[in-house]
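**Student:** So that we are looking at the same thing, I have put the structure below in structure tokens.
The values are calculated or read from the model by the stated rules, or taken from the named source; none is laboratory data. A quick note: this is a predicted structure, and the numbers were derived from the prediction, not measured. So basically every Cβ, Gly included, is an ideal-geometry build from the backbone, and we count neighbours across all protein chains shown. What goes into the accessible areas is simple: the full protein's heavy atoms, side chains included, and nothing from ligands, DNA or RNA. Shrake-Rupley method; radii C 1.70, N 1.55, O 1.52, S 1.80 Å.
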Amino acid sequence: MAIGGSPGYNNSYAMTSAAGRLHYTSSGEPTVKDFVLPDGWGKPGDVVGCGWDIRRKKMFFTYNGQMLNDGEAFDGVQGMFFPMVWCENDSAQLSVNFGHKPWKFDFLSQLPVHVRESLLLKSTETVKQPKLSEAEMMRRTMAEELVMMMGGSFPLELCIIALERCQDKPEIAGSWLIEHGWSELQRMEDQILRQSEREEEARLALAQGIELPGSSNNAADAAADTNADSDGEDITEWLGHEEEQQDQ
């Protein structure tokens, strides 16, 4: 994954505090638009945050715990990203919080009620993680190597799925990711969004005393066919075709 260049290059999103501008990629070209910064911006100890609302596909920025510009920075944001900080002053000092301590911005207030309730419930429970088998541990190790082999373009979870579908053969899994990875990643995101919407509908119906139809159809919709990818191609047929190409 290319990460070189200035802010706005290579499908990146950024805010520059010096000039109050937003940088992004449009039609393959770096693009700039103005962004109004609050008064008193840039004092020692200030906390600047960046968030991505995957449900609404919006990216926003915060300042000392307050949303900037009503949360309107970038729309239609999807894909996979790496957080970065750009410092023009060699003597600048800063600390970064990736969730190991409480955030200044109250992001929980932005989540649907049922999601907040679920997170709070999980935080009060002790969840025992299932112990991985030896085969699962080996596959996870191969998946970590596959993530690096693919330049970090695909998350670990998708690389594990690729190995499962390709009989734990990294070379074939890499080819499958190149051909189907982005569409599969989009399918996974859409499935998460649909599940969230169904849970919200069920919560609202319960609050209003409305009985919804049985969830068997929803469960069938959520469970993807493990032998078919998001393009509708039978994975066993694709795998056989790929092996024939390698044997030639």
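**Student:** Need one number: nm distance between label points at residue 186 and residue 110, each 7 Å from Cα along Cα→Cβ, rounded to one decimal.
**Tutor:** Placing both labels 7 Å along Cα→Cβ, they lie 2.4 nm apart.
**Student:** Also: At a probe size of 1.4 Å, how large is the accessible area of residue 48, to the nearest 10 Å²?
**Tutor:** The accessible area comes out at roughly 80 Å².
**Student:** Give, in nm to one decimal, the length gained when the segment between residue 34 and residue 167 is fully stretched (0.36 nm per residue of separation minus the Cα-Cα distance).
**Tutor:** Going from the current span to full extension adds 42.9 nm.
**Student:** Using 23 Å as the Cα-Cα cut-off, could you pick out the over-long pairs in 58/104; 33/101; 33/57? Could you put the intermediate results ahead of the total?
**Tutor:** Details: 58/104 20 Å; 33/101 32 Å; 33/57 19 Å.
Checking Cα-Cα distances, 33/101 exceed 23 Å.
**Student:** I would also like to ask the following. Pulled fully out, how much extra length does the chain show between residue 87 and residue 17, if you take 0.36 nm times their separation in residues and subtract their Cα-Cα distance?
**Tutor:** Values: separation 70, 0.36 × 70 = 25.20 nm, distance 1.02 nm.
Net length gain for the segment: 24.2 nm.
**Student:** What accessible area per residue comes out for the range 25-102, rounded to a whole number of Å², with a 1.4 Å probe?
**Tutor:** Spelled out: the 1.4 Å probe surface of the range 25-102, per residue, equals 73 Å².
**Student:** Still on this model: Determine which residues of the range 43-72 fall in the zone a paramagnetic label at residue 204 would reach in this model, i.e. backbone nitrogen under 18 Å from the point 7 Å along Cα→Cβ.
**Tutor:** Within reach of a label on residue 204: 55-57.
**Student:** Let me ask something additional. Heads up, I need the accessible area for residue 31: 1.4 angstrom probe, whole protein in place, Å², nearest 10.
**Tutor:** Residue 31 exposes around 40 Å² with every protein chain in place.
**Student:** Ignoring any ligand, DNA or RNA, what whole percent of the accessible area of the range 1-146 comes from carbon and sulfur when the probe is 1.4 angstrom? Present the calculation step by step, with values, prior to reporting the outcome.
**Tutor:** Details: 5700 of 10790 Å².
Heavy-atom surface of the range 1-146 belonging to carbon and sulfur, 1.4 Å probe: 53 percent.
**Student:** Also: Given a 1.4 Å probe and heavy atoms of the protein chains only, how would you sort 177, 206, 132, largest accessible area at the top?
**Tutor:** Output order, biggest surface exposure first: 206, 132, 177.
**Student:** Run a plain Debye calculation on the range 1-136 (Cα atoms as equal point scatterers, no solvent) and give log10 I(q)/I(0) at q = 0.11, 0.12, 0.13 Å⁻¹, rounded to two decimals, same order as the q list.
**Tutor:** Normalising to I(0) and taking log10 leaves -0.53, -0.62, -0.71.
**Student:** A further question on this structure: State the extension gain, in nm to one decimal, for the chain segment bounded by residue 66 and residue 140, taking 0.36 nm per residue of separation less the distance between their alpha-carbons.
**Tutor:** 22.7 nm
**Student:** For 165, 21, 116, give the ranking by accessible area with the largest first, probe 1.4 Å. List each step's numbers first, then the result.
**Tutor:** On the way: 165 40, 21 110, 116 75 Å².
So the residues, ranked largest to smallest area, are 21, 116, 165.
**Student:** Determine the order of 145, 134, 184, 189 by accessible area, beginning with the largest, at a probe radius of 1.4 Å.
**Tutor:** 134, 145, 189, 184
**Student:** Any chance you could look up the accessible area of residue 101 with a 1.4 Å probe, heavy atoms only, rounded to 10 Å²?
**Tutor:** About 100 Å², rounded to the nearest 10.
**Student:** Between residue 149 and residue 117, with labels modelled 7 Å along Cα→Cβ, what's the label distance in nm to one decimal, could you check?
**Tutor:** Simple spin-label model gives 4.5 nm for this pair.
**Student:** Moving on. Run the paramagnetic zone check for residue 41: 7 angstrom along Cα to Cβ, then residues of the range 55-92 with backbone nitrogen under 18 Å.
**Tutor:** Residues 59-75, 85-89 qualify, since their backbone N sits under 18 Å from the label point.
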